[in-house]
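Just below is one structure, and these are the notes that go with it.
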Amino acid sequence: MDAPRWEVLGRRRAGDGWEPVGIVHAPDTEMALLLAKESFFRHGEGVDLAVARDGELAPLGDPDLLTFATDKSYKLQRGYTGLGDKRRRATARAQAAGAVRDHLRPVDRRVLNSDHRP
Amino acid sequence: MIDDPRALLALALADDEHVLGARHVQWTGVAPHLEADLAFSSIGQDEIGHAVVWYSLAAERTGTDADALALGRPPDEYRHAVLVERPNGDWGYTIARHLLFDLAEDVRLPALAASSWGALGDATGALRREERYHLLHARAWLARLAGGPPEARERLRAGLATAYPEAVGLFEPFAGEETLLADATLPVPSHELLARWAAAVEAELAPVGLAEIVDRDLRPVTPGGRQGRHTGDFTELWTEMTALYRGDPAARW
Amino acid sequence: MNTADRPADALHGTVDTATRTAEFTAHIAAGGKVEAGDWMPEDYRQGALRFIEMHANSEIMGALPEREWISRAPSLRRKLSLSAKVQDEVGHGHLLYRVAEDLGKPRPAMIGDLLAGKTKFHNVFHYPTHTWGDVAVIGFLVDGAALVTQKALLDCSYAPYARVLKRICAEESLHQRHGEDLVLEMCAGTDEQRTMFSDALQRWWEPLMHFFGPPSKPQSDVLLRYRFKTATNEHLRQRFFSLYVPKLWDMGMEIPDPALAWDEDAGEWRWTAPDWEPLRRIARGQGPMTETRLAWRRWVHDAHAWVREVMGEPEPAPVAA
């Protein structure tokens, strides 16, 4: 016997159609909706979600549940801007400690950007 | 030692969220079911996020910062209810505590919305939106476990029976409660909120035949959390949580 | 081209398989992709399943060393970001087991085999963590190494895997930026913080070199032949050096390989091959933390079979010896 599997559908923006985003294992609709929210929408990936099984679609019914009410920047890209300044700070600190390693390194951008295909 | 009643109120609220959130996120990576792990970690992260909100309010009054309050006080200055410092135990206890705590939030936050401390009242709005989801989640698990096989139902019942007498401690009076009531920082006294919560718990559990765990006594079995009296469970947790921070409170991490 | 359209022909089974395999191989060589329902040679299916299963296992086991530090994080924000990171790793395990299931192995069986020590997970997750410096190294360099590998797999011939890897790489990129943030704060910090990171770097360098594996043998590597993988181990390691070694040098960190140097004429990094014995021990299930972690994880898992029953997931059937 397989665990009950639900297809998860998401709406990226208001007005978009339903798009399949993945699968959750859950015993019923209520649980499937809750687990789908955390499995596929915890980084703010959409404005609405639904689960489907045996041809029946069950929407979340309350898209407000997908919006963030408190600061979630720690799990989003915008929480990690400013690395350039931090790199400069770290290098300055290394220089103050006399620890900067000035060894030869690749400068050719093709090396840095290549995917090293065989 | 902090003695400003408003700061102490914010600290009590913050410590509840911080310590419970810390316990909830201890399930991350090891919960009994993969998708359930994802869901419960978000609940725990939300609670820690709420702690940040309350600590920030307290920090404005104490002239420090949220981390200094969250990680820099000795154990007997933490004001959370003993309930939240207990280890996670099994999933039955975890869900029981989650339900009882989020029902308490559902009673407390609307009452605080009318606080004469405007910033505190304003903060409740965002938290209530997230707590709505927490209650949905807790109720879904209540239904699953209460309506499940005998072992599931018994573990839930045992979890509720253990958690409830300590959950009552969530409504012990805050330090300085008289002052907070006099100036309407607290619009409703704790004992009144306790009665509302006990009724809400009974209403939640009666339909699934578990109202028997609600004790009319309404005195906490381990009082003193709001006054800074905690158990060995908290000493252990506090040591783990604060050691690195206290090693160098001025360091940036 | 969908090779599953051909009618089965039991009388000429062997010949048909050989022809289908040849067509399949030609399809792959021309850049074609494979979907879950397509006919595929058995060695492709088994190779893909083992590879994806090991990736899923690694996400689940990778959560264990890192989650130990959630409760010890030195700030509320780091507690949150570490929780979110470990949560994402569990999420990756969830996505990957789903893809592996479609290749013919049920999720409970895969988790059961992992916890019984029957299947593998990446070497780096068999090691202990000692300090916050280890958290920083894992976030910056271990995740960085994983990201190099996973980006190369975006070209995988098995399309369902490539699709979930897009999401996994996006989340992993966030983890890697967070890792760099952790490292930069330490390296710009007190002497104790710099030393804490430097010590961790010394400890983790060999496991990182092991992570990329010994030099690939393209002739005998089934996954390279079927373009499931498109980069050799050596190419991936070289890319890792190019991306991370100069950054470490700029932070004033020395790397514990005296031979590590960029050779401009050859256009590649010189480095010292590590002792491969620790990696072989790990492959035999004898890493420093292997049995401890599996035993503990097994105990938590077994104690909660009742929850999985509630969630409608059966326990795996006993596997014949």
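The values are calculated or read from the model by the stated rules, or taken from the named source; none is laboratory data. Since the model is a prediction, treat every value here as computed from it, not as a measurement. As a convention, Cβ positions derive from the backbone with ideal geometry for all residues, glycine included, and neighbour counts pool all protein chains shown. What goes into the accessible areas is simple: the full protein's heavy atoms, side chains included, and nothing from ligands, DNA or RNA. Shrake-Rupley method; radii C 1.70, N 1.55, O 1.52, S 1.80 Å.
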Test for A:L34: is it open to solvent by less than 20 Å² (accessible area, probe 1.4 Å), in contact with a His (Cβ under 6 Å, 6 or more places away or on another chain) and without any contact (Cβ under 8 Å) to a residue 24 or more places away in the chain: yes
Going by the conditions given, is B:H80 of a type outside the set (F, W, Y), assigned to a helix (DSSP H, G or I) and surrounded by 22 or more Cβ atoms within 10 Å (Cβ to Cβ)? no
Positions within segment B:215-243 being among the aliphatic types (A, V, I, L, M), surrounded by fewer than 19 Cβ atoms within 10 Å (Cβ to Cβ) and in contact (Cβ under 8 Å) with a residue 12 or more places away in the chain, in sequence order: B:L218, B:V221
Do any residues in segment C:272-285 that are closer than 16 Å to C:R203 by Cβ have Cβ atoms under 6 Å from those of residues that are open to solvent by 60 Å² or more (accessible area, probe 1.4 Å), where the two are at least six apart or on different chains, and which pairs are they? C:P274/C:E206
Can you find even one residue in segment C:236-249 that is within 12 Å of chain A (Cβ to nearest Cβ), open to solvent by 50 Å² or more (accessible area, probe 1.4 Å), within 30 Å of C:I28 (Cβ to Cβ) and under 21 Å from the mean Cα position of the chain (by Cα)? yes
Applying the selection to segment A:4-30, what residues are at the interface with another protein chain (Cβ under 10 Å from one of its Cβ atoms) and over 12 Å from A:R53 (Cβ atoms)? A:V21, A:G22, A:E30
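A quick yes/no check of all residues on (1) more than 14 Å from chain A (Cβ to nearest Cβ); (2) farther than 13 Å from B:D15 by Cα:
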| site | (1), (2) |
| --- | --- |
| B:Q45 | no, yes |
| B:D65 | yes, yes |
| B:L69 | yes, no |
| B:G72 | yes, no |
| B:R79 | yes, no |
| B:E85 | yes, no |
| B:G89 | yes, yes |
Out of A:D71, A:D62, which single residue is open to solvent by 60 Å² or more (accessible area, probe 1.4 Å) and within 10 Å of chain B (Cβ to nearest Cβ)? A:D71
Give all pairs with beta carbons closer than 6 Å in which a residue from segment C:148-174 that is within 8 Å of chain A (Cβ to nearest Cβ) meets a residue that is of a type in the set (G, A, S) and open to solvent by less than 20 Å² (accessible area, probe 1.4 Å); count only pairs at least 6 apart in sequence or on separate chains. C:A152/C:A231
Here are some residues: B:H50, B:H33, B:H24, B:H18. Which one is open to solvent by less than 10 Å² (accessible area, probe 1.4 Å), without any contact (Cβ under 8 Å) to a residue 24 or more places away in the chain and within 14 Å of chain C (Cβ to nearest Cβ)? B:H33
Does C:D199 satisfy the condition of being of a type in the set (D, E, K, R), within 24 Å of C:G139 (Cβ to Cβ), surrounded by fewer than 16 Cβ atoms within 10 Å (Cβ to Cβ) and modelled with pLDDT of 95 or more? yes
Of the listed residues (C:G13, C:G37, C:G47), the one being small (G, A, S), modelled with pLDDT under 95 and closer than 19 Å to C:P106 by Cα is C:G37
Take segment B:53-63 and flag every residue that is at the interface with another protein chain (Cβ under 7 Å from one of its Cβ atoms) and crowded, with 24+ Cβ neighbours inside 10 Å. none
